[in-house]
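Data block below; observations after.
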């Protein structure tokens with residue numbers, strides 16, 4: 001089976017949710033829609049306090065090309081535009097708080113019915129942008145930007161990412177099992193936009209049921225590829241290397257090697273937006289871990305508060321740590337008063353035993369991190385530079401090529417928080433860069 | 001034996017000759033004063049002069065006739081010695097001191113979560129914006145203390161860094177190291193500073209911290225010199241250029257967030273010199289001066305705030321600061 005270099009194989013921990021059908025989260029009374037839920041430029045709020053909005057109505061307007069709007073998850077009244085703690089940055093950020101009226105009425109004209117395959121490329125891209133679709137694997141990069149590579153970057157391969165290599169998560173797995181047509185049709189729309197005639201649907205071998213089903217359903221132009229189980233296979237660069245053998249140059253993008261990758265969840269969202277005009281107002285998220293009583297795959301509206309979602313899954317049970325995303329790359333949270341975002345692929349609740357953290361010690365230069373690094377970097381060197389804060393030298397050691405997958409930290413016998421050091425270096429570099437720009 | 005000695009000695013002699021020649025031909029011409037100047041600079045290589053280090057600055061001082069003293073850490077004696085060496089008078093750099101603008105220590109400010117990771121404020125800052133309840137407050141991991149090249153800072157038991165005034169040279173290393181911009185450089189002569197930079201509204205701020213600035217504006221109303229600016233989304237800030245060091249703001253502040261670095265000296269009128277013109281009485285903002293024309297005026301020490309406006313105004317040089 002095909003593979004990339006490096007990587008690790010942590011315990012999969014998917015048993016608790018992989019066989020559970022997606023459950024719909026009931027309509028809530030209060031939604032907190034964060035303004036910034038994508039990677040890229042800012043957006044501007046276009047509703048005011050007291051406004052009556054309906055389901056699917058845009059609440060913000062993107063400023064610039066690499067930006068997307070957010071939409072009302074249901075019908076109701078805007079309670080206030082407040083500042084709330086952002087789950088990703090941890091700082092107070094603008095947030096649209098809305099009270100549901102319980103009627104859950106769509107905005108006029110939605111959902112519509114149209115055939116994306118007779119629509120023009122630009123029309124499709126505009127529909128995707130207006131629907132506020134971002135990469136739903138967690139990186140949240142605006143999808144319309146990824147689907148419009150610049151001239152001179154011909155694309156020949158489209159990859160649908162159904163790998164879901166993060167331990168614990170099973171949202172994409174369930175989606176592929178329960179709504180295979182949506183994923184495949186969305187992929188066909190993306191192929192039409194990109195003008196490619198072949199696509200590969202990548203699934204790890206630990207999801208044999210999804211592989212079987214997809215092989216049955218897939219049209220001839222989409223090939224299903226079963227991959228050996230290895231983390232971080234779902235990372236764009238590693239996935240492309242595993243499937244096509246192509247290596248993205250340092251600092252480059254998938255389009256530099258003629259490839260575009262979209263997550264399976266993103267493909268489903270593309271289909272909804274292009275065929276029915278439905279914006280991205282809900283997603284499937286896996287609520288899991290030993291710290292939650294009843295782990296589930298939940299279809300939840302964007303903006304639902306985390307505490308309600310956890311209540312829906314039976315509440316916490318000896319919980320010590322809550323993480324948005326998976327255990328390898330997810331972001332730890334310190335409050336449950338935060339909303340689900342477009343990129344929240346999972347909510348992981350860990351118990352005290354699983355979060356036992358001992359102090360780290362000096363690097364013993366064993367080289368295990370170097371072996372594990374899927375990007376071929378020297379994490380040991382970077383971590384030592386991180387302790388000193390010398391980002392200039394770290395840049396020469398390809399600091400910016402790190403994808404922060406966490407393999408190095410996972411294998412480190414000295415328990416060193418290597419990714420934390422690397423993030424620290426990147427932050428130093430960014431502040432220094434901002435300063436020199438300002439001068 | 002003899003031959004061996006001769007051969008080895010011969011090789012030695014040839015090498016010595018080559019070394020001797022290269023010493024003369026490749027000698028780096030250096031101003032002899034450069035090393036002397038270098039020896040008198042603090043040698044901490046802190047970089048606050050704007051050069052790569054003390055050696056680079058010493059080179060600049062000796063080679064560039066227009067160079068001015070830019071080292072804030074140089075002592076008065078060393079400055080005098082360097083001036084003598086260079087044969088020109090070097091102006092003094094107005095001395096600065098670091099000032100920690102937060103008093104929300106472990107007991108005063110809430111914590112949002114338990115942080116596990118490298119004990120460095122900059123690494124803690126990137127984890128959900130840091131564990132401190134107040135997003136403007138001191139994180140207390142002591143990065144400023146660690147970077148100080150002069151050992152002029154120490155972590156207190158209250159979880160806040162403290163500046164040791166005698167050691168601080170105002171180099172500014174701590175200012176750049178602090179990820180939250182809490183440390184500022186203020187003139188050494190400054191008397192007061194506000195120990196809070198929170199931009200949160202009082203209600204928000206009070207949730208997390210019991211000692212922050214509540215932006216009530218009483219200090220700025222109390223200031224006779226218009227030296228304090230405060231608005232609803234910015235903590236009070238003292239403009240040190242305008243501050244006359246009277247301390248009225250400090251006594252007016254209802255939450256005691258204004259720190260005094262030292263109390264001002266009050267004034268005294270020298271009876272022999274006073275001509276009784278009364279100008280001092282006119283400029284005094286707190287009506288602390290009384291008297292009759294053409295007689296010596298008197299200062300009410302209880303009322304005097306030590307602003308020194310009268311000293312500037314007096315045409316007869318009859319007012320002095322009394323060391324309190």
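Computed from the coordinates by the stated procedures, all read-outs in this text should not be read as laboratory data. Nothing here was measured: the structure is a model prediction, and the numbers come from that model. So basically every Cβ, Gly included, is an ideal-geometry build from the backbone, and we count neighbours across all protein chains shown.
Could you list A:164, B:89 in order of exposure, starting from the residue whose Cβ has the fewest other Cβ atoms within 10 Å? Mind dumping the intermediate values first?
Working: A:164 32, B:89 10.
The most exposed by this proxy come first: B:89, A:164.
Round to the nearest 0.05 the FRET efficiency obtained for residue A:223 and residue A:65 when R0 = 30 Å and r is the Cβ-Cβ distance. Numbers along the way, then the final one.
Details: r = 32 Å, r/R0 = 1.08.
Efficiency at R0 = 30 Å is approximately 0.40.
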Review point. Roughly how crowded by other chains is peptide A:321-329, in terms of the mean Cβ count from those chains within 10 Å of each of its Cβ atoms?
Key: 0
Practice item. Hey, for a label at residue A:371 modelled as a point 7 Å past Cα toward Cβ, could you say which residues of the stretch A:412-428 have their backbone N under 16 Å away? Key: A:412-415
Practice item. Sort out for me the Cα centre separation of the stretch A:214-236 from the stretch A:322-348, rounded to whole Å. Key: 26
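Can you give the calculated 222 nm mean residue ellipticity of chain B, where each DSSP H run of n ≥ 4 adds -39,500 (n - 2.57) and the sum is split over every residue, rounded to the nearest 500 deg cm²/dmol? Could the numbers behind the result be given before it?
Working: 12 runs with 96 residues, N = 324.
Value at 222 nm, helices only: -8000 deg cm²/dmol.
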Revision key, fill the gap. Helix-only [θ] at 222 nm, chain A, -39500 (n - 2.57) per DSSP H run of 4+, per residue, nearest 500, equals -7500 deg cm²/dmol
Review point. For the stretch B:224-297, what is the convex hull (Cα atoms) projected area averaged across all directions, in square nanometres?
Key: 6.3
Practice item. Send over the Kirkwood Rh of the stretch A:228-349, from the inverse of the averaged 1/r over different Cα pairs, rounded to one decimal Å. Key: 16.3
Exercise for review: Take the alpha carbon gyration tensor of the stretch A:112-276, find the square roots of its eigenvalues, order them as a ≥ b ≥ c, and report rounded if a/c is under 1.5; if not, report prolate when a/b exceeds b/c, else oblate.
Suggested key: oblate
Check your understanding: What do you get for Rg/Rh of the stretch B:185-279 when both radii come from the Cα atoms and Rh is the Kirkwood radius?
Key -> 1.11
Exercise for review: Starting from the Kirkwood radius over alpha-carbon pairs of the stretch B:1-128, derive D by Stokes-Einstein at 10 °C in a medium of 1.306 mPa s and give it in µm² s⁻¹.
Suggested key: 79
Practice item. For helix B:2-25, report the angle its Cα long axis makes with the longest principal axis of the Cα atoms of chain B; keep it between 0 and 90° and round to the nearest 10°. Key: 40
Point to revise | Nearest 10 degrees, 0 to 90: helix B:54-63 Cα axis against chain B principal axis | key: 80
Study note, to complete from the structure: Cα-based Rg and Dmax for the stretch A:368-438, in Å, come out at 11.9, 42
Point to revise | Rounded to 5, the percent of DSSP beta bridges in the stretch A:91-240 classed as antiparallel | key: 10
Practice item. Have a look at chain A and give its Rg and Dmax from the Cα atoms, expressed in angstrom. Key: 21.3, 63
Exercise for review: Post the alpha-carbon centroid distance, the stretch B:208-229 to the stretch A:11-50, in whole angstrom.
Suggested key: 42
Study note, to complete from the structure: Distance in Å, no decimals, from the C-alpha centre of the stretch A:155-170 to the one of the stretch B:125-165 is 43
Check your understanding: In Å, the Kirkwood hydrodynamic radius of the stretch A:285-439 over pairs of distinct alpha carbons?
Key -> 17.3
Review point. If the label point is 7 Å along Cα→Cβ of residue A:103, which residues in the stretch A:49-70 have backbone nitrogen under 18 Å from it?
Key: A:50-58
Review point. How many percent of DSSP beta bridges within the protein assembly as shown run antiparallel, rounded to 5?
Key: 75
Revision key, fill the gap. By the Cα gyration tensor axes a ≥ b ≥ c (a/c under 1.5 gives rounded; else a/b larger than b/c gives prolate, otherwise oblate), the shape of chain B is oblate
Point to revise | Inter-chain shielding of B:113-120 (mean C-beta neighbours from other protein chains, 10 Å cut-off) | key: 5
Review point. Where does the protein assembly as shown land on Rg(C-alpha)/(2.2 N^0.38 Å)?
Key: 1.23
Practice item. Assuming R0 = 45 Å, can you tell me the calculated FRET efficiency for the pair residue B:77 and residue A:318, based on Cβ-Cβ distance, to the nearest 0.05? Key: 0.10
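Name the shape class, rounded, prolate or oblate, that the alpha-carbon gyration tensor gives for the stretch B:125-198, where a ≥ b ≥ c are the square roots of its eigenvalues, rounded holds for a/c under 1.5, and otherwise prolate holds if a/b is larger than b/c and oblate otherwise.
Details: a/c = 1.85, a/b = 1.47, b/c = 1.26.
In terms of gyration-tensor shape, prolate.
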Study note, to complete from the structure: Partner shielding of A:352-359, taken as the mean number of other chain Cβ atoms within 10 Å, equals 1
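Return the percentage of antiparallel bridges among DSSP beta bridges fully within chain A, rounded to the nearest 5 %. Provide the component values of the computation, followed by the final result.
Numbers: 38 of 60 bridges.
Beta bridges within chain A, antiparallel portion: roughly 65 percent.
Quick one: order B:59, A:144 by neighbouring beta-carbon count within 10 Å, fewest to most.
In increasing order of surrounding Cβ atoms, one gets B:59, A:144.
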Point to revise | Contour minus Cα-Cα distance for residue A:358 and residue A:434 (0.36 nm per residue) | key: 23.8 nm
